[in-house]
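Take a look at the structure below.
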Amino acid sequence: MDSLFDSFKSNYTSDSYRIMCTVSASVKDTFFYVQEVGYLDVIKPYNTIRDNLDSFLFVIVLDGKGELVYNNRTYTLTKGCCFFIDCLKPHSYKSSLSDPWKLLWLHFNGPTARGHYEYFVNAYINVIHPELIDPFEDLVRQLIEINTRHDASTEVRSSKLIVELLTLLMTFKKTDTVYTSQIVRKLAEVRRYINRNYTSDIYLETICEKFSISKFHLTKEFKKAYGITIAKYIMQKRIGNAKWLLKYSDKTLEEISLACGFYDTCYFNKQFKAIEQTTPYKYRKSWLEKDIELQTDDDLN
């Protein structure tokens, strides 16, 4: 597939990455499916020009600025903008020279993808700037996570997340009217606080006191904004960190449990299995076996 990565590779940082997915004909006939998903951090701007690609592209501008040309219209893109386009049509996009952008992107398709896209463009223009970008970002990052480690459930879970993304795209204006700029900023601050402190004990009462917000209002608005309760969000952060340590560190399960905010290894095992459908030990073992397989393949080559 022609993509953001197909040329000018020296123009983006080593932190940039993409995941290319190959799916069976039966999946293509049944589900929404990921063709490519990734992150791009531009160093030197370049212009991507293409058409006649059987794919739909959703992009989030995480930082910086750029420009999209689509349907004979030029859009200025800034931090927090998203665009959603049909790649069969001629289009181009490029980063700003003075303020290079960082992007998350998703190429996808599916048997009803065109119908969803046409419904969207009948109601909105191709570039949107939601008041709250985090729910969109969270869904793309979840797609990256589950497609990094492919298993039997990846296609079904990916399809579910794409449906959630499309639902957000087609209802974001209704959501925006619910939030004042003040609560949006406060929710973002709460989320950043959790991201920095999730390995320690975090109590809802402490958060409410710190950010001067009632428990009822915070729990209601957080769930509305991010589609998840605060408790589940904290647990996902802890398990996500645990997965990284299980894959890339030599720490024992007890050490990982403590490092991720679990002071009881049995509770850590229980929560990990509830989310990942496997134990921490088996999760680590599967990655070690995968590394051995890759090394063996390299030796054969």
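The values are calculated or read from the model by the stated rules, or taken from the named source; none is laboratory data. Computed from a predicted structure; not experimentally measured. Positions of Cβ are backbone-derived with ideal geometry, glycine not excepted, and every protein chain shown enters the neighbour counts. Quick note on the areas: whole protein, heavy atoms, side chains included, nothing else; ligands and nucleic acids left out. Shrake-Rupley method; radii C 1.70, N 1.55, O 1.52, S 1.80 Å.
Computed values, structure above
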{"item": "Residue check for Tyr75: open to solvent by less than 30 Å² (accessible area, probe 1.4 Å) and either assigned to a strand (DSSP E or B) or at pLDDT below 95 (or both)", "result": "yes"}
{"item": "Residues (buried (at least 18 other Cβ atoms within 10 Å of the Cβ) and at pLDDT below 90) located in the range 187-217", "result": "Leu187, Ile213"}
{"item": "Which listed residue is in contact (Cβ under 8 Å) with a residue 60 or more places away in the chain, under 22 Å from the mean Cα position of the chain (by Cα) and closer than 27 Å to Leu97 by Cα, from Val23, Val61, Val42, Val27", "result": "Val42"}
{"item": "Test: residue in the range 184-203 that is touching a helix residue (DSSP H, G or I) at 6+ places or on another chain (Cβ under 7 Å), over 22 Å from Val140 (Cα atoms), part of a helix (DSSP H, G or I) and among the basic types (Lys, Arg)", "result": "yes"}
{"item": "Residues of the range 108-162 satisfying the condition of being over 21 Å from Val61 (Cα atoms) and in a loop (DSSP other than H, G, I, E, B)", "result": "Gly110, Pro111, Thr112, Arg149, His150, Asp151, Ala152, Ser153"}
{"item": "Check on Glu221, farther than 25 Å from Thr154 by Cα, modelled with pLDDT of 90 or more and among the acidic types (Asp, Glu)", "result": "no"}
{"item": "Odd one out for Ser26, checked against (1) touching a strand residue (DSSP E or B) at 6+ places or on another chain (Cβ under 9 Å); (2) open to solvent by 70 Å² or more (accessible area, probe 1.4 Å); (3) within 19 Å of Pro111 (Cα to Cα)", "result": "(1)"}
{"item": "Selection status of Gly110, among the small types (Gly, Ala, Ser), over 30 Å from Arg149 (Cα atoms) and crowded, with 17+ Cβ neighbours inside 10 Å", "result": "no"}
{"item": "Hits in the range 139-160 (condition: touching a residue at least 40 places away in the same chain (Cβ under 8 Å) and crowded, with 20+ Cβ neighbours inside 10 Å)", "result": "Val140, Leu143, Asn147, Glu155, Ser158"}
{"item": "From the options Leu40, Leu53, Leu68, residue that is under 24 Å from Arg192 (Cβ atoms), surrounded by 15 or more Cβ atoms within 10 Å (Cβ to Cβ) and of a type in the set (A, V, I, L, M)", "result": "Leu40"}
{"item": "Residue in the range 281-291 that is within 20 Å of Ser153 (Cβ to Cβ), assigned to a helix (DSSP H, G or I), open to solvent by less than 100 Å² (accessible area, probe 1.4 Å) and modelled with pLDDT of 90 or more present", "result": "yes"}
{"item": "Positions within the range 230-254 being farther than 18 Å from Asp134 by Cα, part of a helix (DSSP H, G or I), among the charged types (D, E, K, R) and open to solvent by 60 Å² or more (accessible area, probe 1.4 Å), in sequence order", "result": "Glu254"}
{"item": "Some residue of the range 88-97 being in a strand (DSSP E or B) and closer than 16 Å to Leu139 by Cβ", "result": "no"}
{"item": "Subset of the range 81-104 [touching a residue at least 40 places away in the same chain (Cβ under 8 Å), in contact with a strand residue (DSSP E or B) (Cβ under 7 Å, 6 or more places away or on another chain) and either among the acidic types (Asp, Glu) or surrounded by fewer than 20 Cβ atoms within 10 Å (Cβ to Cβ) (or both)]", "result": "Ser92, Lys94, Ser96, Lys102"}
